[in-house]
1. Taking the Cα centroid of the range 145-189 and of the range 624-672, what is the distance between the two, rounded to the nearest whole Å?
2. Between residue 938 and residue 618, what FRET efficiency comes out of the Förster formula 1/(1 + (r/R0)^6) with R0 = 45 Å and r the beta carbon distance, rounded to 0.05?
3. Relative contact order for the range 418-526: what percent, with Cα pairs under 8 Å and sequence separation of 6 or more?
4. 7 Å from Cα along Cα→Cβ at both residue 998 and residue 662: what's the point-to-point distance in nm?
5. Applying 1/(1 + (r/R0)^6) with R0 = 51 Å to the Cβ-Cβ distance of residue 876 and residue 926, what FRET efficiency is obtained, to the nearest 0.05?
6. Based on the Cβ-Cβ distance of residue 369 and residue 423, what FRET efficiency does E = 1/(1 + (r/R0)^6) give at R0 = 35 Å, to the nearest 0.05?
7. If each of residue 610 and residue 60 carries a label point 7 Å out from its Cα toward its Cβ, how far apart are those two points in nm?
8. Considering only lysines 8 or more places apart in sequence, or on different chains, count the pairs in the chain whose C-alpha atoms sit under 20 Å apart.
Amino acid sequence: MRLLNRWTDGPRRYLQHARVLWRAAPGWSTLALALTVLEAVVRTGLMIAIGLFVGSLSESATYATWQWFLLIAALLVVGPLLQACLSAATARSSVAYLRYVSDLVAEVGLHPHGIEHLEAPDFAGCLRTVVTATRDWSFVTGVDATWSIIGPRLAGTGALAVLVPWRWWVPLLVAASFFALSKVFTGWISLAFDKLLTSPGDSRRRATYLRGLLTQTESAKEIRLFGLTDWLTDVYRASWFDAMTPLWRERRRGLGPVLLTCLVMALMVGGAFALIAYDVSTGAISLAATVTMVQAILRLQNFGLLGDVSTALARNTSTLQALVGLRHDLGLPAVAPVRPAGSVSPQRRPAGAAEVHLDAVTFTYQGSTEPAVKQVTLHIPAGQSIAVVGANGAGKSTIIKLLCGLYTPAEGTVLVDDADPAVDEAARRRVAVIFQDFARYHLSLRDNVVLGAGSADHPLVEQALTDAGGAVLLERLDRGWDTVLSAEYDSGTDLSGGQWQRVALARALAAVAGGAGVLVLDEPTAALDVRSEAALFERFLEVTRGVTTILVSHRLSSVRHADRIVVLAGSGIVEDGSHEELLGPRRALCRALHAPGASFRFGAPMSPALRGMALVLTTTVRTSPAQSLLCLLETLGKVLAALSPLYVGIFADAAVHRNLDRMLLAAIALVGSTAANTALQAVGVNARVRQMELLGHVFDAQVAELTARIPTLDHLESARYLDKLQILRDNENVLGGALNTMINTLNTLAFAISVLLVAVTADWRLSILIAVGATRLVTARWSLRWDKAAEEASASSGRLTRHLIELTTSPTAGAETRVFGHQYELRRQIRRAITAWRRPIMHATSRKAVLAAGHTVLFFVTASAVLAWITQDALAGTVSIQSVVVAVAVLQSLQTVSSSFAGVVGGITKVGRNCARFIWLRDHAAGISTGRETPPSRLSDGIRIEHLSYRYGDSQRDSLTDVDLHLPTGAVVAIVGENGAGKSTLVKLLSGLYRPTEGRILVDGQDLSALDPVAWRSRLAGAFQDHVRFEFTAQQSVGAGDVAVLDDRQRVHQALRDGTAEEIVAALPSELDTQLGTAWTGGVGLSGGQWQRIAIARGMMRRAPLLLILDEPTSALDPVAEHALFERYAAASRRTGRRGGVTVLVTHRFSTVAAADLIVVLDQGRVVEYGSHTELLAGQGQYADLYELQNRGYR
């Protein structure tokens, strides 16, 4: 039964693939199929015509000979024209296929309404692997390979039809042997790919995760500040080898059955040729039939292996099979989207405020033994505003996600207007939420807000942005509403954390205007400056009038506006009442919210393409000499295959004279070369795939390492840089694919040289065709120019496609997407991005197809003239039948060589560009001039900033302008200002992550640019608002703050105490050895505040920093945790000061700022005030205004 399932599995997969292709592009698929059938008919007709042509020639039937000759010439010209049309149709169907499959993938990420499946390790790992596989170069190749397989299979069917009248059982056995070989081979390849896709394991997923950390912009800052490049690269390499070694072992075991099937195939083909030879010797069949049947027997190889296209399609169907499995697990149709591709998000129906009721709700996260919330009962009348407060990990975010229907409670019920949001879409549409870890879409400002409203109603969207305090942001954007919110794209721009939060708030408010009855705000002002926060809450009641509002916050200035406050602790509700009722000195709310009032004293001779290709080849040999040698077996097989026309000619000549011995010798040579070619191809493919994977990994690791070693971050915010390196950064195994192209090139060269030798040996006049074919190479530069232009034009759209698909499969972004109900809009954006990504490539493919058709027609018109010349001599008796047969057979091989060379030139040039990109990256990284001086052991004068200005990329405005500051040794310097004032930019300049546009930074009189950046950063420590959630063990996640002592458990424990995170780790199942992150087997999830405390502990690993940076490190912390933490910060700052360091604090909380020795106020990139808290209050300037605004919120 298992064997039967394996044999029937292949047809099921191909049928599944065909269904997707048909659904994606029925029109283009129909046209492609029709063209493929016509091409197969032409091939079969050509085969028969050649047999009749040779037969009439041997009988000296001049009229019949020329009649068949004209048919052959016509068919030779028609075939390429059909192929050109097929290429154009295939390019268009491929775009539609990619759109369709991406839609299926996105639907898996966006369905069902809950997000538990996105947090389940096995499901999430398989989904992540499928997403990666659909971006691989072989996936697109597999789509194109469909018709490259169907065509030969149909031609093989035509050959089978020709042979059946002879001895029906012989061709069936031969075809069956080739088909069996194909099944065993593709089954072997698919088995390995299936394991990689459906059971990637933690090691494979870990390798992909680590590579992303090393190359992504989001993690770049901490990797550089903490010096993590070497450690992450080593772990990446080890994880990758752990994943791939078992896979290689299984492939080696599967090679034996392939070779055994090869032997069976050789026996079948040999027997068929023996029977033909016997029938010829007895006069049972004519010469015309003999030549036709010999061609047909060889044409039956089309049921067998078809080189790269078989491998590519196998990977394609494996990916699709894994995707179908995921869809089956979710109850989705196998290959049909739930809604039509053109669907749009349903609109909210205004219906007033909604009533919310939670009754005895209990929920436990997967893998956890303790419930996150237990027996929670809460009733919120329609129109009431409540605040939910509590310590980190108390269950606030869990309750919000239960309310949104993202989780299903284990016990109890959650109702919105008497309907369960987990199963009722209408109830879900009544809820709008903005999470603290909101999604940042690389779309225009308009699209970012419209995603909340579900409508492009401009007045509604504009009002939402105004209500969120984003009017000033709009004025600062060069392209207004159409500005793309990411510097990774041309004319795009990056926003500060506070500016992004305004956009996210506008998205939520747009949903309210669109009809949501419940508004959930999870820390809505965590990244906002004081003025923006005050302005927002001045409008709070008006904006949320008529809506049930649930506010999760740690700020008294926020929660005091609520009609009612609910306090969570110990997984349940411990207090419920108004602000005044809960403010008694012994009440939990008082203890939780008054902690912020305390103040603290803080004591960078060959062309690059040739160099790159040479590097790929030498690296291949160096990584595995034996496997590199095995790859060459394919080349030997191609040489043997090129000799087939010679053996066919000898067989035909022997058939004319009915020489049985000579026919048998020719048959043995022909069968032997065919079998050897197939066996060598199987062995070579196995070695090639392994070398591709290994080489791809070697270069992927180098790309990741080189990217992470560039000392500054400017390059990661440059659209030009990202476009240049997108292929290497965003896709795995690109340079492994380069090896594949190089081997194909070598195979083509070997085949071409062998064919040319056979052609010249048969008749010197065939060499004329070589000159004609060479013109293909002359015009190849046009194709290359088109390809290059297409790559450049599609780069940014390809990057956007990746970003959007990753959002659909992320639990964090998935939560927001479900709440706002813009799943279908996001899928529409993905389809649009894919179309923009593939359109330039599609157009380039069509132009190349037209060019190829013109060349091929020219070639075969010339070939027909040469063949006519040879035919004339054959009729005159001066040329043998053997030479004519060889000439006819070689004609098609020569055309194949000509076409292949054009493809080789294009492929090698593309490889050259990718290799040149790698060389450029390597040279760029090596050519960055950095300082070499050692930073001082301690500071005496401190840090001076002189006339400092900085401008991002192609921006027209300075982010910082003419900043002059002195940060004295031992001082705590607070930097305050509104969002976008330049605070984070100044911190990155101090860290050496940016280079000043003008001015300089002096460290004890030494120019920061003269210091070794690695050495300087080794003397830095800090914690950041946009921290990275390193999903390692708890010890590794904290210890990464000082890799040199990462394994020192005592130091890690001390850092946890300093970061007030010791109780978090103590509560974990295996404490420091616990895997963090629910995507991993046995992994444990943390709340946003808990993750931030882990990040803070990481920043406390270094004990004697010269510069301690605290950049809004407590934005996600509850007040109690914040209070305790600032006590530890006070100690760390005093320690830093005593050891000759400086502490820089960036915050919006003035209870903290007031204790600083020096306060710097930034406004639009300029220092507008500086001094002590008392001095600035007395000056009655901007600082005093901001301070008063925040104090007013606590009264």
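1. The two parts, judged by their Cα centres, are 20 Å apart.
2. Using R0 = 45 Å, I get an efficiency of 0.45.
3. 43
4. 9.1
5. The computed FRET efficiency comes out at 0.15.
6. Between residue 369 and residue 423 the formula returns 0.80.
7. Between residue 610 and residue 60, the label points sit 5.8 nm apart.
8. Taking the chain as the scope, the lysine pair count is 10.
We did not get these values from a lab; they are worked out from the coordinates using the rules stated. What you see is a predicted model, and the numbers here were worked out from it, not measured in a lab. Cβ: placed from backbone, ideal geometry, glycine included. Neighbour counts: every protein chain shown.
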